[in-house]
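The values are calculated or read from the model by the stated rules, or taken from the named source; none is laboratory data. Computed from a prediction, not measured in an experiment: that's the story for all the values here. Using ideal geometry, Cβ is built from the backbone for each residue, glycine included, and neighbour counts are taken over all protein chains shown.
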Amino acid sequence: MCGIVGYLGKKQASQVLLHGLERLEYRGYDSSGVAVVDEAGDIQVRKKEGRVAALRQEIQENPAQGQIGISHTRWATHGEPSDTNAHPHLDRSGKLALVHNGVIENYLQLRDRLAQDGHEFRSETDTEVLAHLIGTFYDGSDEADGQLRLVGAVREALAQVVGTYGIGVIHEDIPDFMVGARLGSPLVVGVGKTEKFLASDVGAIVSHTQEAIYLSDREIVLLKPDEISIETLEGDLADYEVSTVDFTPEQAEKGNFPHYMLKEIHEQPVSIENAFRGRLADSQASAVLGGLNLTPRELRDVDRIVLCGCGTALHAAMVGEYMIESLARIPVEVEVASEFRYRNPPLDKNTVVFVISQSGETIDTLAALREGQRKGHRVLGLVNSVGSTIARESDGGSYLHSGPEIGVAATKSFTSQVTVLALLALLLGRMRHLSVDYGQKMLAEIRELPKKVEQIINQSEAIRRIAVKYNEAPAMLFLGRQFNYATALEGALKMKEISYIFASGHASAELKHGVIALVSEEVPSVFIMPKDSVYEKNVSTLEEVKARKGPTIAITTEGNSELERIADEVIYIPECHETLNPILSVVPLQLLSYHFAVERGCDVDKPRNLAKSVTVE
Ligand code: M6R
């Protein structure tokens, strides 16, 4: 939530910053702003409510020229979206500018104290309080001394802060110098020869440099165009490593697709293949997940698994539960990360906790990871974003290798998460009682997935026609059983999130326990009902909806034409192993929600009120 970009070098800072903000808009899009130190040595601030495009327009009309600057795209927490509440914020002198991602929890106490000392605040934000607070500790005079004093002021102010932050700070008296710091909100430094970048995510800077340093919590970075120094909040020098970004600038672009979401749906044949590439062990009829950092002995001793995540990652975890219990016979619990972090579930020494996250920055999932570790458990991550906080703090795990996912609605990350969970289930199963024959069959089925997903994507136009027909629906139901129970939840989440149609997902048989009251001629029900062990049960439920005049859309296995006689619409998916079915059945649901959203004129990639990476509680 919220995106930060900073630049120091020889280019026009505002252009670099605007480009970076456009890449970070998925983190929030309520307002945006830049602060640049101009040629005369004065701070110039431009801020605008709404999308970065509005800020770009503002800067075109009212340029801010300079070679050092900070910028921000906001997801509002404290104070409504407005020009005034947009970042950057200035201190009392108007010479120090700050951008912030996170929440200053004790901002009211700090604000009251500063107000008593005569500080006047223009905005309702917690961030402006931090800018003023840093300003009170800064009394730099000459340039060299000024750098030390600014860092000292940041350090002293942060010592008084309760909450989370990723910040960038500049001061007009010290041109060519920037301070960044993080606690709980991501921050990365982009390394160029004579230029440096500060950003919430490498996506903002990857078109300028592939070299990045991921800051850790409680670190402060001191940046000059040709110099980097990283210290701890306590003032000790910190070691750092320069990593190479694992994707190209082109991968983070929309290409010829109208939306990132559609591009990412289409990327799934490749992203699924990337999730299993190099991890299928034919000679053992099993999978290899080396990054788990567990010996075969330790893997055999695992007697309970906890899977944690939020939103779509939570739904992937639910599929994982069914897979692992069915293939490996190990009890699995799925925990909503935000609940797990505050409750106290009993965990024994052979329990392994997995946290699942696309971004690797979701605050509740990160807190669940830390809670698990605090209790002495091994916590492993299934993460997409290389170098993210969860990836770095977990005790091991597996990357998804999906490439950047920019559309706010998670698509390819879900299918990759489920693919990796299938590999985990197979690995654990083969260490217990699964036969060689079964393992080989699973490997063959996994290899077939990309081709089958491609076949489903090719039906996009037929799915669009269904969306056109029902796009005025006031609400929708999504129903599935067993492996597709979680898929139903995921289908409903996608529909709500991007088309703003109220949708709810249920285990099909739950219909009769209350949900059926919602069935009417206006409310379509989507049934995920491949020809599996519960197919006949799903048919009965569909008939019950039909009997009450509810429109029905069925997703079923190719060749099963009998449904055309009962359901109003039928979408076919190729046959596959029951365990892997959600990887296929979710794809028509993604396309359905996409086309509904487009038909209804919604902003597919940036749905209202949302941000891709939820870094505040
Ligand atoms: O980055 P994460 O996987 O940790 O994100 C978790 C959720 O915020 C995310 O899946 C969210 O539910 C998606 N926007 C749903 O499409």
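Taken over region 566-577, the criterion of being out of contact with any helix residue (DSSP H, G or I) (no Cβ under 6 Å at 6 or more places or on another chain) and acidic (Asp, Glu) is satisfied by 568, 575. Residue 491 fulfils the conditions (1) surrounded by fewer than 23 Cβ atoms within 10 Å (Cβ to Cβ); (2) within 16 Å of the ligand (Cβ to nearest atom); (3) under 19 Å from residue 571 (Cβ atoms) except for a single criterion, (1). Among the residues of region 474-487, those identified as at negative phi and more than 15 Å from the ligand (Cβ to nearest atom) are 474, 475, 476, 477, 479, 480, 481, 483, 484, 485. Of all residues in region 349-362, how many are away from the ligand (no atom under 16 Å from the Cβ) and in contact with a strand residue (DSSP E or B) (Cβ under 7 Å, 6 or more places away or on another chain)? Within region 349-362, residues that are away from the ligand (no atom under 16 Å from the Cβ) and in contact with a strand residue (DSSP E or B) (Cβ under 7 Å, 6 or more places away or on another chain) number 3.
Select from region 15-41 the residues that are among the acidic types (Asp, Glu) and in contact with a Gly (Cβ under 9 Å, 6 or more places away or on another chain) and write down the one among them that is modelled with the lowest pLDDT.
If we take residues in region 15-41 being among the acidic types (Asp, Glu) and in contact with a Gly (Cβ under 9 Å, 6 or more places away or on another chain), then 25 is modelled with the lowest pLDDT.
Can you spot a residue in region 323-343 that is away from the ligand (no atom under 16 Å from the Cβ) and at pLDDT below 95?
Taking every residue of region 323-343 in turn, at least one turns out to be away from the ligand (no atom under 16 Å from the Cβ) and at pLDDT below 95.
Checking the structure you have, find out if any residue of region 179-189 is in contact with a Pro (Cβ under 9 Å, 6 or more places away or on another chain), closer than 28 Å to residue 360 by Cβ, buried (at least 17 other Cβ atoms within 10 Å of the Cβ) and among the charged types (D, E, K, R). No; the residues of region 179-189 include none that is in contact with a Pro (Cβ under 9 Å, 6 or more places away or on another chain), closer than 28 Å to residue 360 by Cβ, buried (at least 17 other Cβ atoms within 10 Å of the Cβ) and among the charged types (D, E, K, R). Would region 77-88 turn up any residue that is on the phi > 0 side of the Ramachandran plot and at pLDDT 95 or above? For region 77-88, residues on the phi > 0 side of the Ramachandran plot and at pLDDT 95 or above: absent.
Return the residues of region 126-135 that are out of contact with any Leu (no Cβ under 7 Å at 6 or more places or on another chain) and modelled with pLDDT of 95 or more; say none if nothing qualifies.
Residues of region 126-135 out of contact with any Leu (no Cβ under 7 Å at 6 or more places or on another chain): 126, 128.
Selection gives 128 alone.
For region 584-591, the criterion of being more than 30 Å from residue 187 (Cβ to Cβ) and surrounded by fewer than 20 Cβ atoms within 10 Å (Cβ to Cβ) is satisfied by no residue at all. In the set (1) of a type outside the set (Val, Ile, Thr); (2) away from the ligand (no atom under 11 Å from the Cβ); (3) surrounded by 24 or more Cβ atoms within 10 Å (Cβ to Cβ), residue 368 fails one condition alone, (2).
Can you tell which of 292, 237, 307, 262 is farther than 30 Å from residue 480 by Cα and touching a residue at least 24 places away in the same chain (Cβ under 8 Å)? The conditions single out 292.
Name the residues in region 453-466 that are under 29 Å from the mean Cα position of the chain (by Cα) and surrounded by fewer than 21 Cβ atoms within 10 Å (Cβ to Cβ), would you? Those that are under 29 Å from the mean Cα position of the chain (by Cα) and surrounded by fewer than 21 Cβ atoms within 10 Å (Cβ to Cβ): 454, 455, 457, 458, 459, 460, 461, 464. Taking the listed residues 40, 35, 54, the one that is on the phi < 0 side of the Ramachandran plot, assigned to a loop (DSSP other than H, G, I, E, B) and not acidic (Asp, Glu) is 40, with no other qualifying. Summed over region 187-215, residues that are acidic (Asp, Glu) and more than 18 Å from residue 74 (Cα to Cα) total 2. Residue-level analysis places residue 204 among those that are under 19 Å from residue 404 (Cα atoms), in the same structural domain as residue 154 (by TED's automatic domain parsing), in contact with a Lys or Arg (Cβ under 7 Å, 6 or more places away or on another chain) and aliphatic (A, V, I, L, M). Taking residue 543, is it closer than 21 Å to residue 479 by Cβ and without any contact (Cβ under 8 Å) to a residue 24 or more places away in the chain? So residue 543 passes the test.
The single residue among 388, 394, 413 that is within 11 Å of the ligand (Cβ to nearest atom), farther than 26 Å from residue 489 by Cα and buried (at least 24 other Cβ atoms within 10 Å of the Cβ) turns out to be 388. Restricted to region 287-311, and to residues there that are buried (at least 24 other Cβ atoms within 10 Å of the Cβ) and farther than 21 Å from residue 446 by Cβ, the residue that is farthest from the ligand (Cβ to nearest atom) is 308.
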